[in-house]
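Visitor: Okay, handing you the structure first.
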Amino acid sequence: MEILIQNAYLITFTKEYGVIPEGYLYIKDGKILELGHGAYGKDTSRMKIIDAGQKVVMPGLVNAHMHCYSTFARGMSLGDTPPSCFVEILDKLWWRLDKKLTTEDLYYSTLIPVMEGIRSGVTTFIDHHASPNCVPGCLDELEKAFRDAGMRGILCYEVSDRDGKEIARQGLEENIRFIKKGQKSQDSLLRGTFGLHASFTVYDETMRKAVEEAKKLGVGLHLHVAEDHADQTLTLQNTKKRVVKRLWDVGALGPKSIAAHAVWVDEEEKDLLAQSKTWTIHNPRSNMNNAVGAMDFLGIFNRGTQVCLGTDGMSASIWPDLRTAAIIHKHEKRNPRVVWSELFALLENNYRLANEFLPIQVGRLEPGAASDVVIYNYFAPTPLTQDNFLGHFLFGFAHAQADTVLIHDKVILEKGQFAFLDEKEIARKSREQAVRFWKRFAG
């Protein structure tokens, strides 16, 4: 398929092309072949023409830590006193919820946030899944939703010993199976990595097995790291080591591993995350919502650590977390000058992380890159340049929805409408499934 986006305000995320206030983008068979200033001067008779109308066009975004399985918690009553701490949030909500999930729940609980992500301009999720009572084949259900929506995904199952050895074994096998499946795939939409829940719910034997299998498969681990002080306290009690030191010693860290949160890490642990080149994911709104504290973002980032941005399931869109990251550290440091250029690095690191898994480069508008492209309903009301677009990102884009979204070789969203999905019907079926799920949750 050949597509020409014209009359576009291009933000390319490259030094070579920078920002092109009035330009075009030529796409063929899922790749960008050409871009430039002004009008495209060649034959367009065989192309689908998309007039961006001077709206902003940029690469699709990556959400570096997502939990699609949490969807049916939206609006749900716990039927209990509200949790008073992080461990109670796990006990009363998330571990109770994931145990009630069935295979029938997984499709719609994934499809809904995938579609919401696309609407916000997110074209790749790095998702961390849990459904302990329907583990075998569960990632295939997620894959079906991703493929039906046309979205890219890097998926894993969060292995844990909290539900017993048999379910932990099933989780290990599900990761292995899905990673191998992705490695054999001929397309570039879906890939797998190896998931673990968190240090305090994973025994040494399971941890060693996961590290061993991940290394055989050439992938890393995706897990929660010191999200709350309970992870440190219980890991110290059980292993006599702090969380990051335990992961370092067993070989779980490295340039293909993903450490989500890293809120309760000490100075030595920050050094180990940097030295190991582990991707470390900042999830500011989730951390605030769970009242676990704020990551020492600058203390970690300034060590050269590869820090990315996720939402931890709070939303599909990463725009709210980008704005929160810009604000919370000013508040924490009581210094309005901190955290600005680092925000662009978060977005770029998200792209770099996704490119560790995907066989095609995302995150750039340049020849040879993936045609994961978003046209935003945003007309720059002030000059938008290579030097100032962060200001537009934080105080303009955060309120804008995508007008048109392309992923790989398909137009997924056009003029605000999904090209091949019935959004109202999907929402109706999701509500019906959610009602059945809520009854199980309350039972």
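Visitor: Rg to Rh for segment 248-287: what is it, with Cα atoms only and Rh by Kirkwood?
Guide: Using Cα coordinates only, the ratio equals 0.97.
Visitor: Measure nothing fancy, just the Cα-based angle from helix 423-442's long axis to the longest principal axis of the chain, in degrees from 0 to 90, nearest 10.
Guide: With rounding to tens, the tilt is 10 degrees.
Visitor: More than 25 Å apart: what percent of Cα pairs in segment 1-139 qualify?
Guide: 49 percent
Visitor: A further question follows. Using only the Cα atoms of segment 364-407, build the gyration tensor, take square roots of its eigenvalues as a ≥ b ≥ c, and label the shape rounded, prolate or oblate: rounded if a/c is under 1.5, else prolate if a/b is larger than b/c, else oblate.
Guide: oblate
Visitor: A further question on this structure: What angle, in degrees between 0 and 90 and rounded to the nearest 10, separates the Cα long axis of helix 165-184 from the longest principal axis of the Cα atoms of the chain?
Guide: 20 degrees
Visitor: What translational diffusion coefficient, in µm²/s and rounded to a whole number, does the Stokes-Einstein relation yield for segment 318-422 at 4 °C and a viscosity of 1.567 mPa s, taking the hydrodynamic radius as the Kirkwood radius over Cα pairs?
Guide: Value of D from the Cα-based Kirkwood radius: 83 µm²/s.
Visitor: What share of the DSSP beta bridges in the chain is antiparallel, in percent to the nearest 5?
Guide: Antiparallel: roughly 45 percent of the beta bridges in the chain.
Visitor: May I ask you to compute the full-extension gain from residue 45 to residue 439, defined as 0.36 nm times their residue separation minus their alpha-carbon distance, rounded to one decimal in nm?
Guide: 136.3 nm
Visitor: Give the Cα extents of the chain along the principal axes, in whole Å, largest first.
Guide: For the chain, the Cα extents along the three principal axes come out at 67, 48, 44 Å.
Visitor: Something else about it: Determine ³J(HN,Hα), in whole Hz, for all residues of segment 297-305 in sequence, where each value follows from phi through the Karplus function 6.51 cos²θ - 1.76 cosθ + 1.60 and θ = phi - 60°; x replaces Gly and Pro.
Guide: These are the phi-based 3J(HN,Hα) values: 4, 5, x, 7, 4, 6, 7, x, 5 Hz.
Visitor: Please list, in chain and number order, the residues 5+ apart from residue 280 or on another chain whose amide H is under 5 Å from its amide H, with Hs placed from the backbone.
Guide: 259, 306, 307, 308
Visitor: Take the Cα coordinates of segment 66-207, assign each an equal point scatterer, and use the Debye formula without solvent to give log10 I(q)/I(0) at q = 0.12, 0.19 Å⁻¹.
Guide: Once normalised to I(0) and log-transformed, intensities are -0.48, -1.15.
Visitor: A follow-up question, please. Going by how many other Cβ atoms sit within 10 Å of their own, how do 92, 180 line up, fewest first?
Guide: 180, 92
Visitor: Taking Cα atoms, how many degrees apart are the long axis of helix 341-355 and the longest axis of the chain, rounded to 10 and kept between 0 and 90?
Guide: Between helix and principal axis, roughly 80 degrees.
Visitor: Here's something else I'd like to know. What is the projected area of the convex hull of the Cα atoms of segment 89-146, averaged over all directions, in nm²?
Guide: 4.2 nm²
Every number in this text was worked out from the coordinates using simple rules, so none of it is lab data. A quick note: this is a predicted structure, and the numbers were derived from the prediction, not measured. Virtual Cβ from ideal backbone geometry, glycine too; neighbours counted across all protein chains shown.
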